[in-house]
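Asks: Mind looking over this structure? Questions follow.
The values are calculated or read from the model by the stated rules, or taken from the named source; none is laboratory data. Here the structure is a predicted model, which is why all the values come from computation and not from measurement. For neighbour counting, all protein chains shown are included, and Cβ atoms are generated from backbone atoms with ideal geometry for every residue, glycine included. Heavy atoms of the whole protein, side chains included, go into the accessibility calculation; ligands, DNA and RNA do not. Shrake-Rupley method; radii C 1.70, N 1.55, O 1.52, S 1.80 Å.
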Amino acid sequence: MKKTILLASLALAAALPATAAVQVVTSIQDFASITESVGGKRVEAFSLSRGYQDPHFVDAKPSFILKLSRADLLIVAGLELEIGYLPPLLEQSRNEKIRPGAPGYLDASIGCDILERPSGTVTRAMGDVHPFGNPHYWLDPVNGRTIARAIAAKLSALDPAGAAEYRANLAAFESKLAEAEKRWDAMLGPYAGTEVVTYHNSWPNFLKRFHLTAAGYIEPKPGIPPSPAHTVELVNMVREKKIAVILMEPYFDEKTPKSISEQTGARLLRFIPSVGGSPEAKDYIGLFDYDVKLLADALAARKGGKA
Ligand SMILES: [Zn+2]
């Protein structure tokens with residue numbers, strides 16, 4: 001009997017997470033996933049948004065303030081991706097450690113390849129939600145590597161006792177990512193130069209990395225819902241260019257893309273912009289595995305005339 005109780009309590013202890021050395025809050029699940037890969041058991045990562053939610057417009061919950069108040073490290077995408085919800089939460093958390101500029105604050109865009117940086121004066125006249133460049137840059141595995149290195153450096157600075165572990169975990173992550181990139185290149189390589197249409201301008205880094213381009217967007221401008229006139233232009237363009245696929249993030253209304261798809265024969269794909277956007281996309285590498293396969297399969301079907 002005693003033995004049973006002992007075993008039961010051991011099992012319980014194993015099931016409960018040990019208190020991690022570093023409490024991390026991230027704005028998107030992708031950063032939480034990379035943090036878990038690099039931090040291992042020494043970190044506990046919590047993402048404010050879920051991968052199936054629009055990362056520009058996150059519903060702030062009171063529980064977020066508690067998470068932020070206890071965090072040692074806050075990782076954001078920056079480029080104003082979080083401008084709509086994070087500043088008041090951060091204010092209310094009263095956590096000086098994770099304020100912008102403090103040691104516990106990491107803007108993951110630093111050092112990454114950021115596309116569409118504006119050259120002139122930034123205005124919001126057009127309702128643009130990408131005023132300082134495209135904030136969806138984690139969708140390039142090369143940037144993912146840069147982000148992982150920045151996270152490892154930050155964790156080592158905050159928790160020097162774990163530095164060797166972070167270094168080893170980072171090396172393992174990088175080699176797994178390099179292997180995966182070979183796989184993705186092989187799958188999408190045959191379709192280099194293909195033009196696609198996307199709903200939101202979430203994919204410039206992804207498309208550039210795999211030598212694809214966006215011929216147009218369902219949103220007339222990032223953050224602006226589709227308009228009838230713009231949709232007519234898109235339908236004509238998709239027909240003219242024989243565009244094979246329309247990529248749509250999971251959080252948009254499918255009415256317009258579905259109608260364009262029906263009018264033109266272009267295939268509508270639910271493309272996942274973040275870890276957790278689909279149950280299969282469990283981690284950062286799994287996210288690309290999911291999207292690359294979905295796109296390669298659709299393009300192969302089109303090529304074979306089965307679209
Ligand atoms: Zn955006």
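Asks: Collect the residues in region 62-104 that are open to solvent by 60 Å² or more (accessible area, probe 1.4 Å), away from the ligand (no atom under 16 Å from the Cβ) and either closer than 25 Å to ALA157 by Cα or not in a helix (DSSP H, G or I) (or both), keeping them in residue-number order.
Replies: Those that are open to solvent by 60 Å² or more (accessible area, probe 1.4 Å), away from the ligand (no atom under 16 Å from the Cβ) and either closer than 25 Å to ALA157 by Cα or not in a helix (DSSP H, G or I) (or both): LEU66, LYS67, ARG70, PRO87, GLU91, ARG94, GLU96, LYS97, ARG99, PRO100, GLY101, PRO103.
Asks: Can you pull out the residues in region 141-150 that are farther than 13 Å from ALA77 by Cβ and in contact (Cβ under 8 Å) with a residue 60 or more places away in the chain?
Replies: Across region 141-150, the qualifying residues are PRO141, VAL142, ALA148.
Asks: Among the residues of region 230-285, write down those that are crowded, with 17+ Cβ neighbours inside 10 Å and small (Gly, Ala, Ser).
Replies: ALA244, SER261, ALA266, SER274, GLY276, GLY277, SER278, ALA281
Asks: Let me ask something else. Is there any pair linking a residue in region 164-191 that is free of Cβ contacts under 8 Å to residues at least 40 places away in the same chain to one that is buried (at least 19 other Cβ atoms within 10 Å of the Cβ) and outside any helix (DSSP H, G or I), with Cβ under 9 Å and at least six apart or on different chains, and which?
Replies: ASP185/PHE210; GLY189/PHE210
Asks: Evaluate region 33-40: report whether one residue or more is in a loop (DSSP other than H, G, I, E, B) and surrounded by fewer than 20 Cβ atoms within 10 Å (Cβ to Cβ).
Replies: no
Asks: Return yes when TRP138 is within 30 Å of GLU240 (Cβ to Cβ) and modelled with pLDDT of 95 or more and no when it is not.
Replies: no
Asks: Out of all the residues in region 105-114, which are touching a strand residue (DSSP E or B) at 6+ places or on another chain (Cβ under 9 Å), surrounded by fewer than 20 Cβ atoms within 10 Å (Cβ to Cβ) and not hydrophobic (A, V, I, L, M, F, W, C)?
Replies: TYR105, ASP107
Asks: What single numbered condition from (1) in contact with a Lys or Arg (Cβ under 9 Å, 6 or more places away or on another chain); (2) farther than 30 Å from ALA20 by Cβ; (3) surrounded by fewer than 20 Cβ atoms within 10 Å (Cβ to Cβ) fails to hold for LYS208?
Replies: Among (1) in contact with a Lys or Arg (Cβ under 9 Å, 6 or more places away or on another chain); (2) farther than 30 Å from ALA20 by Cβ; (3) surrounded by fewer than 20 Cβ atoms within 10 Å (Cβ to Cβ), the lone unmet condition for LYS208 is (1).
Asks: Please state which one of ASP291, ASP297 is acidic (Asp, Glu) and open to solvent by less than 60 Å² (accessible area, probe 1.4 Å).
Replies: Exactly one residue qualifies, and that residue is ASP291.
Asks: Give the residue, chosen from LEU139, LEU158, LEU177, LEU170, that is more than 16 Å from the ligand (Cβ to nearest atom) and in contact with a Phe, Trp or Tyr (Cβ under 9 Å, 6 or more places away or on another chain).
Replies: Step by step, each of LEU139, LEU158, LEU177, LEU170 is checked, and only LEU177 is more than 16 Å from the ligand (Cβ to nearest atom) and in contact with a Phe, Trp or Tyr (Cβ under 9 Å, 6 or more places away or on another chain).
Asks: If a residue has to be among the polar types (S, T, N, Q) and farther than 10 Å from ALA150 by Cβ to count, how many in region 103-119 make the cut?
Replies: Residues that pass the stated criteria total 1.
Asks: Which residue is most open to solvent (accessible area, probe 1.4 Å), if the candidates are limited to region 211-224 and must be out of contact with any helix residue (DSSP H, G or I) (no Cβ under 7 Å at 6 or more places or on another chain) and without any contact (Cβ under 8 Å) to a residue 24 or more places away in the chain?
Replies: Looking at residues that are out of contact with any helix residue (DSSP H, G or I) (no Cβ under 7 Å at 6 or more places or on another chain) and without any contact (Cβ under 8 Å) to a residue 24 or more places away in the chain, I get HIS211.
Asks: While we're on this one: Working carefully through the options LEU247, LEU287, find the one that is within 16 Å of the ligand (Cβ to nearest atom), outside any loop (DSSP other than H, G, I, E, B) and in contact with a Ser or Thr (Cβ under 8 Å, 6 or more places away or on another chain).
Replies: One residue alone meets the criteria, LEU247.
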